[in-house]
Amino acid sequence: MQRLTNKRILLGVTGSIAAYKSAELIRRLRDEGAEVQVIMTRGAEAFITALTLQAVSGHPVHLHLMDTEAEAGMGHIELARWADAILIAPTSADFMARLAQGRADDLLTAVCLAGDVPLALAPAMNNRMWRDRATQDNAKKLVGRGILLFGPDSGDQACGETGPGRMREVDLLVNDLVDMFDVGSLAGKTVLITAGPTREPIDPVRFISNHSSGKMGYAIAEAAVEAGARVILVSGPTALPVPDRVELVNVETANQMLDAVQSHMPVDLFIATAAVADYRPVQVSENKIKKQDNIMALALEKNPDILAETKAQFPGVFTIGFAAETNDLETYARNKLMNKGVEMIAANWVGSAAGENDGTFGSDNNALQLFWQDGEIELPMASKSKLARSLLAHIVPHFEDYQAKGLPKANNVVNLKDPGKPIA
Ligand code: C5P
């Protein structure tokens, strides 16, 4: 399980022989799902090259405070805002002293001052330097300001002496960092969400579509990121900004949506909020269709049911469908639960039945009724972002139960050739 999914770690590297371990630390943090950017001090450059750390982090390394080019790209304030946590490993005695004084005369000290996120230091120095009164005073001062100290550990040192001052082992530093964050209810899980409408072309300038704004799906994507998941959002055309830390896959047609969904399967959780067009024109005219008779017929063919087909092919994926209904909400929702073979259906009223607050089309609010095989719950009207969080809070226990039990029984899976008949 990746324990740092979606987390942005700013790694400071200062002048200590332990800087050679920073490359391995970056690799381990990325293995845990973190995004890592690196700031090196001048002292660090004497021990390891920026090129090495750039290669392992996948980002250009930040070096200097007064570099106009760098400040125009990602300046010190922006770097401080970007990070969820700052870890300085190794932290030299000199860097601890400068931090304790509150200096801001290089990029790393400036970012530490500007940052409003947890800051942790992994000291690494000769044991006498660590024991020295000045360093101990600095350490106390820094801890008093809420800065965390990871280590140092005791043992053999690069200088040939033995004692406290070794940088903590990389695996332990990763664990320390994980402990700094609250682990979300979906940490280490991958969630795929479909959202928005699809567009089915008629000719080069026209298409069939619907009023879906995509807001509910995007709100669920944001809530899943908050819960620590890796989130893939397969979206039809919407006017919404790309949610932070979400892997967005843009599609237009139902067939493209099906391909995009299936190319990412299997995932842990699949939530289909998209308002997929049920039909598409049999033929897409190469040229713009000219008006002719008073009545024009457009031949349509059925689109694939992305939800049902994906669930049938990947029965182990915990799957949630949506149902927007104008009448008989519960009956239709329960039918969908069965016919599509999914674990849960989130249903809402649309049209005049939705009352004043039509929850589906472009509104910022919605209410849902969540159905599963032997239960249901009502999630009252709330902003879509609040509702998305509450929806996930209700989904997660079912999902955990499902994962604990293993694969579903085959007769829960819809038989696409003959939907009435269970797969033997
Ligand atoms: O069958 P109906 O369109 O009412 O079902 C709605 C649910 O099925 C939604 O979760 C929607 O995203 C999904 N769906 C789909 N592919 C379709 C039609 C609906 O994934 N072609």
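Here, each number is a calculation from the coordinates, and none is a lab measurement. Small disclaimer: the values here were computed from a predicted structure and weren't measured. Here Cβ is always computed from backbone atoms with ideal geometry, including for glycine, and neighbour counts include all displayed protein chains.
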query: Is the chain best put as rounded, prolate or oblate by its Cα gyration tensor, with a ≥ b ≥ c the root eigenvalues, rounded for a/c under 1.5, and otherwise prolate when a/b is larger than b/c, oblate when not?
result: prolate
- request: Pop a pseudo-label 7 angstrom from the Cα along the beta-carbon direction at both ASN294 and VAL282 and give the gap in nm to one decimal.
  value: 2.5
- prompt: Shape of the stretch 254-361 from its Cα gyration tensor (a ≥ b ≥ c, root eigenvalues): rounded if a/c is under 1.5, otherwise prolate when a/b > b/c, or oblate?
  reply: oblate
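Taking the Cα centre of the stretch 8-180 as origin, sum charge times position over the Cβ atoms of Lys and Arg (+1) and Asp and Glu (-1), and report the length of that vector in debye to the nearest 20. It would help to have the intermediate numbers written out before the result.
On the way: 17 positive and 23 negative charges, 98 e Å.
Taking the Cα centre of the stretch 8-180 as origin, the dipole is about 480 debye.
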- request: Return the loop-located trypsin sites (Lys or Arg not before Pro) in the stretch 104-159 (DSSP other than H, G, I, E, B) with at most 16 other Cβ atoms within 10 Å of their own Cβ; answer none if there are none.
  value: ARG145
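Restricting the count to DSSP beta bridges whose residues both fall in the chain, what percent are antiparallel, rounded to a multiple of 5? Before the final figure, lay out each step's value.
Numbers: 21 of 64 bridges.
In the chain, DSSP labels about 35 percent of beta bridges as antiparallel.
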task: Only Cα pairs under 8 Å and at least 6 apart count here; give the relative contact order of the stretch 72-205 as a rounded whole percent.
output: 21
- prompt: For the residue pair MET1 and ASP105, what label-to-label distance in nm results when each label sits 7 Å from Cα along the Cα-to-beta-carbon direction?
  reply: 4.7
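Round to the nearest 0.05 the FRET efficiency obtained for VAL205 and ARG81 when R0 = 35 Å and r is the Cβ-Cβ distance. Walk me through the numbers on the way to the answer.
Numbers: r = 43 Å, r/R0 = 1.22.
FRET efficiency, VAL205 to ARG81: 0.25.
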- line: Simple SL model, points at 7 angstrom along Cα→Cβ for ASP31 and ARG131; separation in nm is 3.5
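Restrict the search to the stretch 209-291; then list the GluC sites (Glu not before Pro) that DSSP places in a loop and that have at most 13 other Cβ atoms within 10 Å of their Cβ.
Working: sites: GLU222, GLU226, GLU247, GLU252, GLU286; in loops: GLU252, GLU286.
Here the sparse-neighbourhood loop sites are GLU286.
Roughly how many debye, to the nearest 20, is the charge dipole of the stretch 190-405 about its Cα centre, given +1 on each Lys and Arg Cβ, -1 on each Asp and Glu Cβ, and no other charges?
Numbers: 18 positive and 27 negative charges, 90 e Å.
Result for the stretch 190-405 is approximately 440 debye, rounded to the nearest 20.
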- prompt: Which of the aspartates and glutamates could a cross-linker bridge to LYS336, judged by Cα under 12 Å and excluding same-chain residues fewer than eight apart?
  reply: ASP305, GLU325
- request: For a label point 7 Å from the Cα of ASP364 along Cα→C-beta, name the residues of the stretch 314-333 whose backbone N is under 11 Å from it.
  value: none
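Give the shape of the stretch 82-195 as rounded, prolate or oblate, defined through the alpha-carbon gyration tensor: a ≥ b ≥ c are the square roots of its eigenvalues, a/c under 1.5 means rounded, and otherwise the shape is prolate if a/b is larger than b/c and oblate if not. Spell out each step's value before the answer.
Numbers: a/c = 2.74, a/b = 1.58, b/c = 1.73.
It is oblate, given that a/c is not under 1.5 and a/b is not larger than b/c.
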- line: Amide H neighbours of PHE322 at under 5 Å, excluding residues fewer than 5 places away on the same chain, with H built from the backbone geometry, are ALA272, ALA346
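Expressed in nm to one decimal, what extension gain is obtained for the pair CYS159 and ASN339 from 0.36 nm per residue of sequence separation less their Cα-Cα distance?
Details: separation 180, 0.36 × 180 = 64.80 nm, distance 7.00 nm.
Length difference between fully extended and current span is 57.8 nm.
My understanding is that a pair violates if its Cα-Cα distance is over 32 Å; which of LYS215/LYS290; LYS21/LYS140; LYS7/LYS140; LYS290/LYS384; LYS215/LYS311 do that in this structure? Numbers along the way, then the final one.
Working: LYS215/LYS290 35 Å; LYS21/LYS140 26 Å; LYS7/LYS140 28 Å; LYS290/LYS384 42 Å; LYS215/LYS311 24 Å.
As for pairs spanning more than 32 Å Cα to Cα, those are LYS215/LYS290; LYS290/LYS384.
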task: Let me have the 222 nm mean residue ellipticity of the chain computed from DSSP H runs of 4+ only, each contributing -39500 (n - 2.57), with the sum over all residues rounded to the nearest 500.
output: -10000 deg cm²/dmol
